[in-house]
Amino acid sequence: MMTGADNNEYSRLMWQCRRGMLELDTLLQGYLKKCYPNLTKEDKEKFCRLLEHHDQDLLWYLMGYETPREGELIDVINRIRDSV
């Protein structure tokens, strides 16, 4: 069960996952809905850091064309791809 603070965080993240590109919206929102509630605190923080990237960079990462400088984000990117 989510607390009020959890609900606020989830709503904020849902808004951040709305990127204006159908591909990104589908991948990010799908992952948030399916997987985010069960992630560890560390993995939730990584997901939040990933969302700080520009849309075009996110698209390239998620499509496998580029790799982020922050190597710890690669695991999150792979999980997002696997969740589809």
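Among the residues of the range 25-84, those identified as under 26 Å from Thr3 (Cβ atoms) and among the hydrophobic types (A, V, I, L, M, F, W, C) are Leu28, Leu32, Cys35, Leu39, Phe47, Cys48, Leu50, Leu51, Val76, Ile80. Could you tell me which of the residues Arg12, Arg49, Arg19 is assigned to a loop (DSSP other than H, G, I, E, B) and out of contact with any Pro (no Cβ under 7 Å at 6 or more places or on another chain)? Answer to the check: Arg19.
Checking each residue in the range 52-84 for being open to solvent by less than 60 Å² (accessible area, probe 1.4 Å), in a loop (DSSP other than H, G, I, E, B) and farther than 15 Å from Leu13 by Cα picks out Gly64, Pro68, Gly71, Ser83. Only one of the numbered conditions (1) at pLDDT below 95; (2) open to solvent by 50 Å² or more (accessible area, probe 1.4 Å) is violated by Gln16, and that is (1). Within the range 35-46, the residues that satisfy the criterion of being exposed (fewer than 13 other Cβ atoms within 10 Å of the Cβ) and assigned to a helix (DSSP H, G or I) are Pro37, Asn38, Lys41, Glu42. Report whether or not Glu23 is under 21 Å from His54 (Cα atoms), acidic (Asp, Glu) and open to solvent by 90 Å² or more (accessible area, probe 1.4 Å). In short, yes.
The values are calculated or read from the model by the stated rules, or taken from the named source; none is laboratory data. These numbers were taken from a predicted model, which means no experiment stands behind them. Please note: Cβ atoms are built from the backbone with ideal geometry, for glycine as well, and neighbour counts cover all protein chains shown. Side chains are part of the model used for accessible areas, which takes the heavy atoms of the whole protein and leaves out ligands, DNA and RNA. Shrake-Rupley method; radii C 1.70, N 1.55, O 1.52, S 1.80 Å.
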